[in-house]
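Novice: I'd like to ask you about the structure that follows.
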Amino acid sequence: INNVMCFPFLFRATLDCRATQINEEMKMAAALALADLARQPVPEEVKRAFDGRSFEFGPDYIIPTPFDPRLIRVMPPAVAKAAADSGVARRPIENYETYPDECAALVA
């Protein structure tokens, strides 16, 4: 989970806000964003990639798949906000409404 689903987005936010460190608040924000995303309806494109698999939150689905395109839109903003709130962001994100789109454009 860490290498595929947390670190890329944790580092994206860390670089974007020029955080001086990765602290516990940022790691917790990543974990909470991931947990919240698992409870959201899964996009059709992910369902098609895993034909026949159910994506209802429960014992068989507790975290999003690594191929979920929502990860890049949800994880970096949560982490960047935690960095700013905890005082380690040297260049806090100025617009959290456009930041998810800016992140998504990096992988489009």
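Novice: Helix 71-85 against the longest principal axis of the chain: what's the angle in degrees, Cα atoms only, rounded to the nearest 10?
Specialist: The answer is roughly 30 degrees.
Novice: Tell me, what ³J(HN,Hα) does each residue in the stretch 24-39 have, in order and in whole Hz, if you take phi through Karplus 6.51 cos²θ - 1.76 cosθ + 1.60 with θ = phi - 60° and put x for Gly and Pro?
Specialist: Per residue, the Karplus-derived 3J(HN,Hα) values read 4, 4, 5, 5, 5, 4, 5, 5, 5, 5, 5, 5, 5, 4, 5, 8 Hz.
Novice: With an 8 Å Cα cut-off and a minimum separation of 6 or more residues, compute the relative contact order for the stretch 1-93 in percent.
Specialist: Worked out over the stretch 1-93, it gives 48 percent.
Novice: Out of these labelled values of Cα extents along the principal axes in Å, [x] 35, 33, 18; [y] 53, 27, 23; [z] 45, 28, 22, which was calculated from the coordinates shown here?
Specialist: Looking at Cα extents along the principal axes in Å for this model, the match is [z].
Novice: Could you give each residue of the stretch 47-57 its phi-based ³J(HN,Hα) in whole Hz, using Karplus coefficients 6.51, -1.76, 1.60 with θ = phi - 60°, and x for Gly or Pro?
Specialist: 4, 5, 5, 10, 3, x, 8, 8, 10, 9, 4
Novice: I'd like the orientation of helix 7-16 relative to the chain: the angle between its Cα long axis and the longest Cα principal axis, in ° from 0 to 90, rounded to 10.
Specialist: Between the helix axis and the principal axis of the chain, the angle is about 30 degrees.
Novice: Given a 1.4 angstrom probe, what's the average accessible area per residue across the chain, in square angstrom?
Specialist: For the chain, the per-residue accessible area is 61 Å².
Novice: Here's another thing I want to ask about it. Arrange the residues D85, D51, D16, D68 by how much accessible surface each exposes, largest first, with a 1.4 angstrom probe.
Specialist: Working: D85 115, D51 145, D16 25, D68 5 Å².
Order by accessible area, largest first: D51, D85, D16, D68.
Novice: A further question on this structure: Filter the chymotrypsin sites (Phe, Trp or Tyr not before Pro) in the stretch 1-101 to those in DSSP coil with at most 12 other Cβ atoms within 10 Å of their Cβ, and list the result.
Specialist: Details: sites: F9, F11, F50, F55, F57, Y61, F67, Y96; in loops: F50, F55, F57, F67, Y96.
Counting only loop positions with at most 12 other Cβ atoms within 10 Å, the chymotrypsin sites (Phe, Trp or Tyr not before Pro) in the stretch 1-101 are F50, F67.
Novice: Given axes a ≥ b ≥ c from the Cα gyration tensor, I'd like to know whether the stretch 59-103 is rounded (a/c under 1.5), prolate (a/b larger than b/c) or oblate. The partial results should precede the final answer.
Specialist: On the way: a/c = 3.74, a/b = 1.83, b/c = 2.05.
Because a/c hits 1.5 or more and a/b fails to exceed b/c, the stretch 59-103 counts as oblate.
Novice: Of all accessible surface on the chain at a 1.4 Å probe, what whole percent is carbon and sulfur?
Specialist: Numbers: 3620 of 6640 Å².
Carbon and sulfur together cover 55 percent of it.
The values are calculated or read from the model by the stated rules, or taken from the named source; none is laboratory data. Just so you know, these numbers come straight off a predicted model, no measurement behind them. Neighbour counts run over all protein chains shown; Cβ positions are idealised from the backbone, glycine included. For accessibility, only protein heavy atoms count, side chains too; no ligands or nucleic acids. Shrake-Rupley method; radii C 1.70, N 1.55, O 1.52, S 1.80 Å.
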